[in-house]
1. How do ILE150, ILE30 rank by accessible surface area computed with a 1.4 Å probe, from largest to smallest?
2. Once you've got the Cα coordinates, tell me which of LYS51/LYS149; LYS15/LYS116; LYS57/LYS149; LYS26/LYS144; LYS15/LYS51 are over 30 Å apart.
3. For the chain, what is the convex hull volume of its Cα atoms per residue in Å³?
4. Tally up the carbon and sulfur contribution to the accessible surface of the chain as a whole percent, 1.4 Å probe, everything protein left in place.
5. Just to confirm, what accessible area per residue do you get for the chain at 1.4 Å probe, in whole Å²?
6. On a 0 to 90 degree scale, rounded to 10, what angle separates helix 2-16 from the longest Cα axis of the chain?
7. In square angstrom, rounded to the nearest 10, how much accessible surface does ASP31 have for a 1.4 Å probe?
8. Could you list which residues have their amide H under 5 Å from that of GLY42, counting only those 5 or more apart in sequence or on another chain, with H placed in the peptide plane?
Amino acid sequence: MISRILEEVDKLTKKYKTRDPFEIAKGLNIDIVYHDLGNLKGYYYYQSRMKYIVINKNISEDLKPVICAHELGHDRLHLHFAKNFAIREFGLFDMSSKPEREANIFAAELLIDEPKFLELALDEYSYMYLSNKLNIPLELIKCKLEILKIK
C-alpha cells in the first residue's frame, strides 16, 4: 500500500506542480470549508458527487495544511469509506487504524519535500529538530522516516 500512496502523491505533485494540499484539493474540485468543530480537527466526506474537506476553524494556522493533506489522503485512498459516512479526525495521528495510518503517510509524503528533509537530517538528526525546522508535526516526521526506509 505504501508504494500506491507514494505513486499517488507523485502523480498529484507532478500534475498540479505543488505540494500545497489546498491547491491540489482545489484542482480536484474538493470544497474546503471551515467550521467550529469543538475538539474535532477535521473530516472528509463525499455526498451527491460532491467532495468536502471540513477543517476546524479554531485550530492553529500551522496545523490547517496538515489536516487538509491528511483529509486529501482519505479522498485519494478511502473514497469508498466516505461514501457511507464522514471520516472524522479526533486523533489525527492515530496509527492504530489502517486508514488513519495511510492518510498520515500520504500527508507526510505530500508535505515534506524529500531533498530538503534529507539536507536537514544530515545537519542534525533529531526528530524534534526536523519537526521544528520544517514546521511539521513530529508524528509526520516519523512517517517520513518510515517512507525513506522503504524507498
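The values are calculated or read from the model by the stated rules, or taken from the named source; none is laboratory data. In this text, all values refer to a predicted model and were calculated from it rather than measured experimentally. All accessible areas refer to the heavy atoms of the entire protein, side chains included, with ligands and DNA or RNA removed. Shrake-Rupley method; radii C 1.70, N 1.55, O 1.52, S 1.80 Å.
1. From most exposed to least exposed: ILE150, ILE30.
2. Distance filter (> 30 Å) returns LYS51/LYS149; LYS57/LYS149.
3. So the per-residue Cα hull volume is 109 Å³.
4. C and S atoms contribute 50 percent here.
5. 54
6. 80
7. We get 70 Å² for ASP31.
8. Here ASN56, GLU89 satisfy the definition.
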